[in-house]
Structures are given as C-alpha cells and as structure tokens.
Amino acid sequence: MKINTNFFGEIEIDENEIITFEKGMIGFEDIKKFALVGEEGLFVEWLQSIEEATSFAVMDPFIADTSYSFDMPDKVLEELNIKDPSEILIRTVVVIPEDITKIRTNLQAPVIINTKEKKAMQILLDDTYPMRYEFYEKVGV
C-alpha cells in the first residue's frame, strides 16, 4: 500500500504493519490508522496517519530519561490484548522546535503499542512526569 508522508514523500508500507488506535490520539480522536516510519539510525520516528496528512514525531522515551518507569494499567493491557511484556512498544510524542536545544517529549502521555496485534493507544499518566520534558542537554542530540 502506498501512502503520502509529510517527511518521506510517497512510500510503500506493508498493510500488516498498520497500527490501529481505536480511540485515536489525544486531540486527534478521529484518526485511527497509522504506520510507524523512520530512517535507520535516527532516534525519532513518525507515527504517520494513513488516513490523512497528519504525523507525530515519536521516540523511545528511555533515550530521554533512562529512569522513566510506570506501571502499565490493567485496563490498557486488556484493551490492547497484551499477553506478554515483549509485545509492548512504548513511544512518546516529540516536539522539535526551531531552536533544537528546546527539543522536548511528552513523558506524561506515552503511546502504548501492541506489536503483535498492531493495536495502540495513548494514555495519560498522573503528573509524575512532565508533558514538556526537555532533553537536549541530557542526550546531546
């Protein structure tokens, strides 16, 4: 299947790799189907909608904060039909401003992906972690 992306132009994706968000992303509840795309060697990937020209820069949050940790809510495990921790992929949305030293990620609202069933949801944690976690100096992007 060919899709148009914001950063890579038209690309071919395997329909088996489409990730479904039953409830959409926070603030974008009507967009349900995405593909995770990126370039080898970059720490940022894109959750690219296959329904419209919308994408979200995402990253592995453990790169920004090695102590990042939270208990996965049972409701999330159930809704995503996660049977084994090896099926879980966690990503956080990244904001890449013009001043790269202000790059930040939202540790308060991670995206949880069941890699086996290609189901996902964005969850909202308590305020243990910030919505705007600047990490340039910690990681040296």
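The values are calculated or read from the model by the stated rules, or taken from the named source; none is laboratory data. Since the structure is predicted, the reported quantities are computational estimates derived from the model, not experimental observations. Positions of Cβ are generated from backbone atoms using ideal geometry, with glycine treated the same way; all protein chains shown enter the neighbour counts. Note: accessible area is taken over every heavy atom of the protein model, side chains too, but ligands, DNA and RNA are not part of it. Shrake-Rupley method; radii C 1.70, N 1.55, O 1.52, S 1.80 Å.
The table below gives the values:
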{"read-out": "Qualifying residue in region 99-107 (condition: touching an Asp or Glu at 6+ places or on another chain (Cβ under 8 Å), open to solvent by 30 Å² or more (accessible area, probe 1.4 Å), of a type outside the set (Asp, Glu) and closer than 25 Å to residue 14 by Cα)", "value": "no"}
{"read-out": "Residue check, residue 60 farther than 20 Å from residue 11 by Cβ, free of Cβ contacts under 8 Å to residues at least 24 places away in the same chain and open to solvent by 20 Å² or more (accessible area, probe 1.4 Å)", "value": "no"}
{"read-out": "Answer residue from region 37-96, given it is at pLDDT below 95 and β-branched (Val, Ile, Thr) and is farthest from residue 17 (Cα to Cα) among those", "value": "66"}
{"read-out": "Criterion violated by residue 91 - all others in (1) within 30 Å of residue 9 (Cα to Cα); (2) open to solvent by 40 Å² or more (accessible area, probe 1.4 Å); (3) within 15 Å of the chain's Cα centre (by Cα) satisfied", "value": "(2)"}
{"read-out": "Residue that is assigned to a loop (DSSP other than H, G, I, E, B) and touching a strand residue (DSSP E or B) at 6+ places or on another chain (Cβ under 6 Å), where the choices are 42, 124, 107", "value": "107"}
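For every residue, the table says whether it meets (1) touching a Pro at 6+ places or on another chain (Cβ under 6 Å); (2) surrounded by 12 or more Cβ atoms within 10 Å (Cβ to Cβ); (3) among the aromatic types (Phe, Trp, Tyr).
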| residue | (1), (2), (3) |
| --- | --- |
| 77 | no, yes, no |
| 80 | no, yes, no |
| 84 | no, no, no |
| 87 | no, yes, no |
| 109 | no, yes, no |
| 113 | no, yes, no |
| 127 | no, no, no |
| 135 | no, yes, yes |
